[in-house]
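One structure below.
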Number of protein chains: 2
Amino acid sequence: MKSAAKAMQAEDSAETSAQLIRDSIREAIVERRLSPGTKLSEKDVGNLFSVSRTLARAALQALSYEGLVSVEKNRGAFVAYPSPDEARQIFAARRLVEPGILREAAARITPGDISQLKQLLLEEGRLMSERGQTARRAEIKASGDFHLRLAEISGNAIMQRFMEELVARSSLVIALYGQSTASSCGHSEHGEIITAIENNELDRACQLMLHHITHIETDLDLRERKSLGLKEAFEL
Amino acid sequence: MKSAAKAMQAEDSAETSAQLIRDSIREAIVERRLSPGTKLSEKDVGNLFSVSRTLARAALQALSYEGLVSVEKNRGAFVAYPSPDEARQIFAARRLVEPGILREAAARITPGDISQLKQLLLEEGRLMSERGQTARRAEIKASGDFHLRLAEISGNAIMQRFMEELVARSSLVIALYGQSTASSCGHSEHGEIITAIENNELDRACQLMLHHITHIETDLDLRERKSLGLKEAFEL
DNA sequence: ATGCAGATGATCGTATACAATTTGCTGGCG
DNA sequence: CGCCAGCAAATTGTATACGATCATCTGCAT
């Protein structure tokens, strides 16, 4: 397999410090430890990770390219506060790409992949029944990982990166507009998709995926929340 | 229309210097004034734009997130040199998303959009018949703009940005592996797609789009070129 | 002559310093 | 009493400086 190449490349690039900080902050955002709109000052970030503003700034810039933080000139960086319209676009994008990814993945999937996905599902179910914030966070992550794993199986690194961005931003949207305190993702729907793939019912799997994404979106209340600044109030 | 909101936001963000540099370099890459593999040292870039290494570095970082330059730790930044496999993934991604974008665009397209697209086509045709490097460059840009304009019409900013990345990287791939010295994009195919949209033959338009993308890819010779370092020779 | 070791130069990685801009406060004026 | 001008503090924008890493070249030993 390609583990050799990957290891080589990893050893080579060696995750520069700024990337580590970026990953930490991203994880915090996706797991909802950081709320949308929170200010991320360069100094604070730098102090928090014991680096200079230079690296903090680089990390924040990187996150802004992923749409997870928005940097405003001369004002600073903030955890992104996606507008309802942005939220709709995110889910529209997922509806657009995920069936295609699913098809590619189904064409390349191995029995090993399937059992791995099932195990992921089990883990997800276990977390759902647990109580507590940490379990909730882990559940959020796990439910996203299902979609990410599918993208990985598809073998297209570009689509995989794009999906990572979409899933991360989806988590932000759900944090903002989600109502059902319960699971963000219909857990059972993931299972149905897997069995559809197993049975080679590709069209049905795609249908299920579409419904699944729409289902997540339906559980949102896409009304303008808070007033993240008068600016936005007049933009729309 | 939304020009007011856009102007407001533009006035607000005001394109920081690093972004201007990034845009300049990206344009140079897409128009093939910069060849894949060319070294972009921070000092040189800084001198060229009369800024410090700080800003040059930021611009190069940004371009690396778009996949147009690759930065190697402690070695520097280079214009990306996509591998054949990467090239295939880029076109696979386009086949995956462009039909969907086309559908969205067709649902929202206005007569004004259509005439604008046709005008773009005319311009493209005019450039095709011209000689000279500058005409060739303009043609490359115009043929990409067709796809970009479609994404813009679709009204999904996220997909639009993704398409911008894909089109830019496609240009790099064609620069590397393209054989037909002639047009990168079958010009006539763009026209057929538009007429299909006009006639509400949506399925046919998508089919044409898929063939079009595949046609571009077919005109490539996806064999390893040059030897961008023995490193890569052993990675695969 | 060939091959390895150490020095040298260039380039990147990171921190710090200074300039520019914004924000919030304070004080005077209508 | 409210409002605007102007100052002060904080934050970002950019440049420069220093340390670390890598590439190249020289010179000695084999």
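The values are calculated or read from the model by the stated rules, or taken from the named source; none is laboratory data. Treat the numbers as computed from the prediction; the structure is a model and nothing was measured. Cβ sites come from the backbone with ideal geometry, for glycine too, and all protein chains shown count toward neighbours. Only protein heavy atoms, including side chains, enter the accessible area calculation; ligands, DNA and RNA are left aside. Shrake-Rupley method; radii C 1.70, N 1.55, O 1.52, S 1.80 Å.
Couple of notes before you dig in:
- Tensor-based shape of segment A:89-181 (alpha-carbon gyration tensor, a/c under 1.5 rounded, otherwise prolate or oblate): oblate
- Whether segment B:5-116 is rounded, prolate or oblate, judged on the alpha carbon gyration tensor where a/c under 1.5 counts as rounded: oblate
- Split the accessible area of the protein assembly as shown by element, probe 1.4 Å, and carbon with sulfur accounts for 51%.
- The simple Förster model, with R0 at 60 Å and r as the Cβ-Cβ distance, assigns B:E27 and A:S129 a FRET efficiency of 0.65.
- For the protein assembly as shown, the equivalent ellipsoid built from the Cα gyration tensor has semi-axes of 33, 29, 25 Å, listed from largest to smallest.
- Cα gyration tensor shape for chain B, rounded if a/c is under 1.5, else prolate or oblate: oblate
- Contour minus Cα-Cα distance for B:E72 and B:T54 (0.36 nm per residue): 4.8 nm
- Net charge of Cβ neighbours under 12 Å - reference A:S129; Lys, Arg +1; Asp, Glu -1: -1
- When the alpha carbon gyration tensor of segment B:15-79 is reduced to an equivalent ellipsoid, its three semi-axes come out at 15, 14, 11 angstrom, largest first.
- Where B meets A: accessible area buried, both sides, 1.4 Å probe, Å²: 2600
- Once the C-beta distance of B:D203 and B:K118 is scaled by a Förster radius of 22 Å, the resulting FRET efficiency is 0.55 to the nearest 0.05.
- Considering only chain B, the C-beta nearest to the rotation axis that sends B to A is found at B:Y65, 2, the distance in whole Å.
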